[in-house]
Amino acid sequence: MAETKPAGGILAGTRVLDLTRVLAGPFASMILADLGAEVLKVELPGTGDEARGFGPFLKEESAYFMSVNRGKKSLTIDLRKAEGQDLARRLAASCDVLLENFRPGSMARFGLDFETLHQLCPKLVYASISGFGQTGPYAQRPAYDVIIQAMSGLASITGIDGQYWLAFYGAAKRFFRFTFQSPIRH
């Protein structure tokens, strides 16, 4: 990923550790980068973010991936290995914000959960993005925006009655954007 330099903005001086993948998380951190934050995008060594394989492609680069990861610095860390987990903890301690969108419980297995990181960096703003929350009967279910729209009932009020529904593109990520920016600045 080509490195770009932030042009300032209201989040200039804010450092973000981005442990997200695919769309909702990368979209949220993209907005933080657009507002001037320094965003460190962490990917799995060898494969990177799954979205790198999504078309359309321009010169063998995923336009989808590049669009939601613009303005970020990219590095690879294997969170499944102890040395990768240690490096991620040290990076988190140097950041103001951490975003993650793993299934609930994954970050605790990596030693990167809120409780652990709060001990290292009490001022860290920690954001977890999951389709169905961190607890409850659906917490372990995977989810994407369209699934959330269907489960929440949003899909039932769009489109033509009795024929088809129209996805409201990005409904979940727009909600996240507005609810997350407030604690960063206060």
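The values are calculated or read from the model by the stated rules, or taken from the named source; none is laboratory data. All values reported here derive from a predicted model rather than from experimental measurement. With ideal geometry, Cβ positions are generated from the backbone for all residues, glycine too; neighbour counts draw on all protein chains shown.
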Review point. So which residues in segment 106-128 are without any contact (Cβ under 8 Å) to a residue 12 or more places away in the chain and small (Gly, Ala, Ser), if there are any at all?
Key: 106, 108
Check your understanding: Taking into account only those residues within segment 66-84 that are touching a residue at least 40 places away in the same chain (Cβ under 8 Å) and assigned to a helix (DSSP H, G or I), which is surrounded by the most Cβ atoms within 10 Å (Cβ to Cβ)?
Key -> 68
Review point. Of all the residues that make up segment 134-155, how many are exposed (fewer than 15 other Cβ atoms within 10 Å of the Cβ), farther than 24 Å from residue 115 by Cβ and over 17 Å from the mean Cα position of the chain (by Cα)?
Key: 4
**Study point:** Residue that is surrounded by the fewest Cβ atoms within 10 Å (Cβ to Cβ) [pool: residues in segment 110-122 that are touching a Leu at 6+ places or on another chain (Cβ under 9 Å) and outside any loop (DSSP other than H, G, I, E, B)]
**Key:** 118
Revision key, fill the gap. Scanning segment 35-65 residue by residue, the ones that are at pLDDT 95 or above, in a strand (DSSP E or B) and of a type in the set (A, V, I, L, M) total 3
Practice item. Working carefully through the options 87, 32, find the one that is out of contact with any strand residue (DSSP E or B) (no Cβ under 8 Å at 6 or more places or on another chain) and either basic (Lys, Arg) or in a helix (DSSP H, G or I) (or both). Key: 87
